[in-house]
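Read through the structure below, which is laid out as structure tokens, and then see the notes.
The values are calculated or read from the model by the stated rules, or taken from the named source; none is laboratory data. Everything numeric here is computed off the predicted structure, so don't read it as measured data. For neighbour counting, all protein chains shown are included, and Cβ atoms are generated from backbone atoms with ideal geometry for every residue, glycine included. Heavy atoms of the whole protein, side chains included, go into the accessibility calculation; ligands, DNA and RNA do not. Shrake-Rupley method; radii C 1.70, N 1.55, O 1.52, S 1.80 Å.
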Amino acid sequence: MRSPAQSRRLMAETVAETERLALRTWDPADRAEYARHLNTSAVTRHLGGVQSDEELAAAFDRLERYQREHGHTFWVVERKSDGAVLGFCGLKVADVLGSPVDGEIEIGWRLREDAWGQGYAKEAAEAALDWAWANLGVERVVAFTIPINTESRRLMERLGMVRRPDLDFAHPAFASGHPLSQHVTYVAERPRR
């Protein structure tokens, strides 16, 4: 008999693997895990807070749309040892209208609280960057966050991304002066061989 995680993997496509993780496409069964583990006050504290059911549904729909339209998205991060959905990590086309990163390939991640501090985010992000270099004809990948999100900024630096103040921007989803408005940007350049 298959576990729910094994059954879910039959319907989703694995796009990248590491020693401990599988990055895969989303399945409708993932909606409940997304809501339960990624919509907490701690996980969303730098993202605008806990979302309503309608906002969650719209976010999930966007993730699926990115995969359909571009062939990549912020994929599910699944732990291979037990099939647990740890969060997401992947690539999408940045859609921050009027910003210097609009239209760039963006890497992003979000992990559930009990997965923090175990190296999963770095492992998943490295796999996503490797996928980008192998599958996308881009010369760089961007990441951005608010200045006080030191955890994500440290990960960007551990990934070898370089801080680019010339690409910083005020996010149009937030009013000027809002604590979540100002964003700092980091860039990973395509490795030269």
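Residues of the range 118-150 that are in contact (Cβ under 8 Å) with a residue 24 or more places away in the chain and open to solvent by 40 Å² or more (accessible area, probe 1.4 Å): Lys122, Glu126, Asp130, Trp131, Asn135, Glu139, Arg140, Pro147, Ile148. Of the residues making up the range 40-59, those that are part of a loop (DSSP other than H, G, I, E, B), of a type in the set (A, V, I, L, M, F, W, C) and open to solvent by less than 50 Å² (accessible area, probe 1.4 Å) are Ala42, Val43.
Once the range 28-39 is narrowed to residues that are under 16 Å from the mean Cα position of the chain (by Cα) and touching a residue at least 24 places away in the same chain (Cβ under 8 Å), the residue that is surrounded by the fewest Cβ atoms within 10 Å (Cβ to Cβ) is Arg31. Among the residues of the range 157-172, not a single one is of a type outside the set (Lys, Arg), open to solvent by less than 40 Å² (accessible area, probe 1.4 Å) and closer than 25 Å to Arg68 by Cα.
Looking only at residues of the range 179-193 that are open to solvent by 80 Å² or more (accessible area, probe 1.4 Å) and modelled with pLDDT under 95, we find that the one that is farthest from Asp95 (Cα to Cα) is Arg193. Figure legend. Inter-residue proximity from the range 60-87: first residues open to solvent by 70 Å² or more (accessible area, probe 1.4 Å), second residues not basic (Lys, Arg), beta-carbon distance below 7 Å, spacing 6+ or different chains. Indicated pairs: His70/Val93; Lys80/Leu21; Lys80/Ala22. The set of residues from the range 151-193 being among the polar types (S, T, N, Q) and either farther than 20 Å from Tyr120 by Cα or without any contact (Cβ under 8 Å) to a residue 12 or more places away in the chain (or both) comprises Ser176, Ser181, Gln182, Thr185. With a requirement of 1 or more residues that are among the acidic types (Asp, Glu) and touching a strand residue (DSSP E or B) at 6+ places or on another chain (Cβ under 9 Å), the strands (runs of 3 or more DSSP E) lying completely within the range 89-193 that satisfy it span 105-111, 182-189.
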